[in-house]
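This report refers to the structure that appears directly beneath it.
The values are calculated or read from the model by the stated rules, or taken from the named source; none is laboratory data. Worth saying up front: this structure is predicted, and the values here are computed from it rather than measured. As a convention, Cβ positions derive from the backbone with ideal geometry for all residues, glycine included, and neighbour counts pool all protein chains shown.
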Amino acid sequence: MFESLKKKFNSTVGKISDKISSEDEEANEETPLEEKPQEKEEPGKTDESTEEKTEGGVREKISGIFSREKKEDTPESEEKPDETPAEEEEKSGMFSLVTKKTISEKDINDILFELEMALLESDVALEVAEKIINSVKEDLVGKKIKRRGDVAEFTRDALKKSISEILGVETRDLKEMAQNAKKSSEPLKIMFVGVNGTGKTTTIAKIATYFIDEGYTPVIAAADTFRAGAIEQIGHHAENIGVKLIRHKKGADPAAVAYDAVEHARAKGKEIVLIDTAGRMQTNVNLMDEMKKIKRVVKPDVIIYVGDSLTGNDAVEQAMKFNEAVGVDGIILTKADADAKGGAALSIGYVISKPILFLGVGQSYEDIMEFKSEWMVEQLI
Ligand SMILES: Nc1nc2c(ncn2[C@@H]2O[C@H](COP(=O)(O)OP(=O)(O)O)[C@@H](O)[C@H]2O)c(=O)[nH]1
Ligand SMILES: [Mg+2]
């Protein structure tokens with residue numbers, strides 16, 4: 001899962017660490033660090049030792065496309081002036097592994113730009129990639145390096161912090177909502193929206209299983225009355241997991257199906273209503289209106305956008321459209337088990353300011369996991 005992003009973040013740690021450590025070694029061998037002349041901006045020349053020429057060429061070509069923040073390098077005067085005798089010794093090169101240097105923007109600019117390009121290739125949204133790069137830059141520039149391991153540690157920490165910030169959208173606790181529903185005897189109504197094939201129906205069966213395991217009795221509304229075979233498909237799942245399905249005929253008003261399911265839950269004391277809807281293109285106005293009608297009629301407590309993580313930027317784009325049309329409260333990303341890239345998982349919550357609640361991680365009813373941002377950070381770096 002998300003191998004591609006993980007590789008890119010880790011290789012960035014390695015590259016920054018190698019670059020700054022090797023500069024330190026040169027500084028120790030050649031001249032005292034303080035007297036080392038500032039390198040001039042000569043991308044083709046200065047980076048040959050650490051980067052492949054082809055990558056450099058590509059970078060130059062695309063460098064005009066995306067705007068890069070230009071900041072002045074941290075001035076040398078930021079070096080701590082009042083050094084202890086021990087620090088003076090370190091600088092004089094007595095301990096070759098103990099060096100002292102302040103990370104400048106120039107040290108990391110090219111490597112971070114390369115990371116930004118790599119993130120975009122992995123379907124990370126542009127605003128998210130930019131935020132990560134800027135946040136890491138802000139954290140690293142000016143950091144004083146005392147030991148060789150510092151650079152890797154600082155870079156890793158800076159990346160972790162930026163990813164945590166990206167994923168730090170306030171989440172919603174469905175379990176708590178279900179508990180409250182139980183106490184109030186008014187069912188928790190959850191409506192699932194998203195385009196065709198993203199995994200809505202499968203996800204509803206998984207969420208029903210999740211709540212059954214928690215001791216609740218859900219009911220499912222077969223409100224996808226549009227697609228051929230949809231009612232049979234969800235009926236098959238409902239039977240497998242032993243959940244009551246409320247269904248009308250194909251072509252019936254989906255809002256009426258959802259309404260009946262809510263009435264059923266009220267009458268039978270069931271705590272949760274899960275409403276399946278037809279997969280519609282986010283651009284289909286009529287079908288979007290139909291979804292708004294379901295919303296008006298049953299007033300769901302939670303609207304969950306179900307997106308296919310394999311579709312990357314498309315999933316993010318669709319989430320925006322659904323959010324504009326009906327208002328989304330949370331996200332479930334499916335097929336994360338098959339997603340090597342991870343761009344949608346990293347970006348989608350940030351872009352629409354709504355939390356990812358679960359990840360779909362396979363085709364069986366148990367293959368769903370609660371999404372925790374700390375877990376995601378650990379996956380990535
Ligand atoms: N690997 C994998 N496949 C999934 C996952 N969720 C759904 N699928 C598959 O995606 C396909 C479409 O799912 P479906 O629920 O019919 O999508 P819907 O059109 O949005 O209702 C089915 O073959 C599912 O088995 C998941 O988390 N992982
Ligand atoms: Mg479906």
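Among the residues examined, LEU188 qualifies as outside the structural domain of VAL124 (by TED's automatic domain parsing), surrounded by 15 or more Cβ atoms within 10 Å (Cβ to Cβ) and more than 13 Å from ligand 2 (Cβ to nearest atom).
Here the condition is being within 16 Å of ALA265 (Cβ to Cβ), modelled with pLDDT of 95 or more and among the polar types (S, T, N, Q); of THR217, THR202, it holds for THR217 alone.
Number of residues in the range 227-236 that are closer than 20 Å to VAL262 by Cβ and either within 11 Å of ligand 2 (Cβ to nearest atom) or under 31 Å from the mean Cα position of the chain (by Cα) (or both) equals 3. Assess whether THR202 counts as being surrounded by fewer than 23 Cβ atoms within 10 Å (Cβ to Cβ), near ligand 2 (Cβ under 9 Å from one of its atoms) and β-branched (Val, Ile, Thr). Taking the combined requirement at face value, the residue satisfies it. For the range 241-263, the criterion of being in a strand (DSSP E or B) and among the charged types (D, E, K, R) is met by at least one residue. Only one entry of ASP276, ASP314 meets the criterion of being among the acidic types (Asp, Glu), without any contact (Cβ under 8 Å) to a residue 40 or more places away in the chain and in the same structural domain as GLU366 (by TED's automatic domain parsing), and that entry is ASP314. Which residues, counting only those in the range 302-352, are among the aliphatic types (A, V, I, L, M), within 14 Å of ligand 1 (Cβ to nearest atom) and surrounded by fewer than 23 Cβ atoms within 10 Å (Cβ to Cβ)? Scanning the range 302-352 gives LEU310, ALA338, ALA340. Candidates ILE348, ILE303, ILE275: the one that is at pLDDT 95 or above and farther than 26 Å from PHE226 by Cα is ILE348.
Answer with yes or no whether LYS146 is closer than 27 Å to ALA118 by Cα, more than 16 Å from ligand 1 (Cβ to nearest atom), in contact with a helix residue (DSSP H, G or I) (Cβ under 8 Å, 6 or more places away or on another chain) and not assigned by TED's automatic domain parsing to the domain that holds ASP367. No, not satisfied. Just one residue in the set SER77, SER162, SER96 is among the polar types (S, T, N, Q), modelled with pLDDT of 95 or more and not assigned by TED's automatic domain parsing to the domain that holds LEU346; that residue is SER162.
Among the residues of the range 319-332, the ones that are within 16 Å of ligand 2 (Cβ to nearest atom) and in contact with a helix residue (DSSP H, G or I) (Cβ under 8 Å, 6 or more places away or on another chain) come to 1 in all.
With respect to (1) at pLDDT 95 or above; (2) outside any helix (DSSP H, G or I); (3) away from ligand 1 (no atom under 16 Å from the Cβ); (4) surrounded by 16 or more Cβ atoms within 10 Å (Cβ to Cβ), the lone exception for GLU130 is condition (2). Within the range 163-187, the set of residues being under 12 Å from ASP329 (Cβ atoms) and of a type in the set (A, V, I, L, M) comprises VAL169, LEU174, MET177. Mind checking whether some residue in the range 148-156 is within 17 Å of the chain's Cα centre (by Cα), assigned to a helix (DSSP H, G or I), under 17 Å from GLY14 (Cβ atoms) and more than 16 Å from ligand 2 (Cβ to nearest atom)? No, that holds for no residue.
Checking the range 212-223 against the condition returns a match, with at least one residue being within 15 Å of ligand 2 (Cβ to nearest atom), in contact (Cβ under 8 Å) with a residue 60 or more places away in the chain and either assigned by TED's automatic domain parsing to the domain that holds ASP367 or touching an Asp or Glu at 6+ places or on another chain (Cβ under 6 Å) (or both).
Against the list (1) in a loop (DSSP other than H, G, I, E, B); (2) more than 16 Å from ligand 2 (Cβ to nearest atom); (3) at pLDDT below 95; (4) over 21 Å from the mean Cα position of the chain (by Cα), the condition GLU170 fails is (4). Exactly one residue out of VAL243, VAL257 is modelled with pLDDT of 95 or more and within 26 Å of ILE356 (Cα to Cα), and it is VAL243. For ILE212, are the conditions met, namely being surrounded by fewer than 18 Cβ atoms within 10 Å (Cβ to Cβ), of a type in the set (A, V, I, L, M, F, W, C) and within 26 Å of GLU370 (Cα to Cα)? Yes, satisfied.
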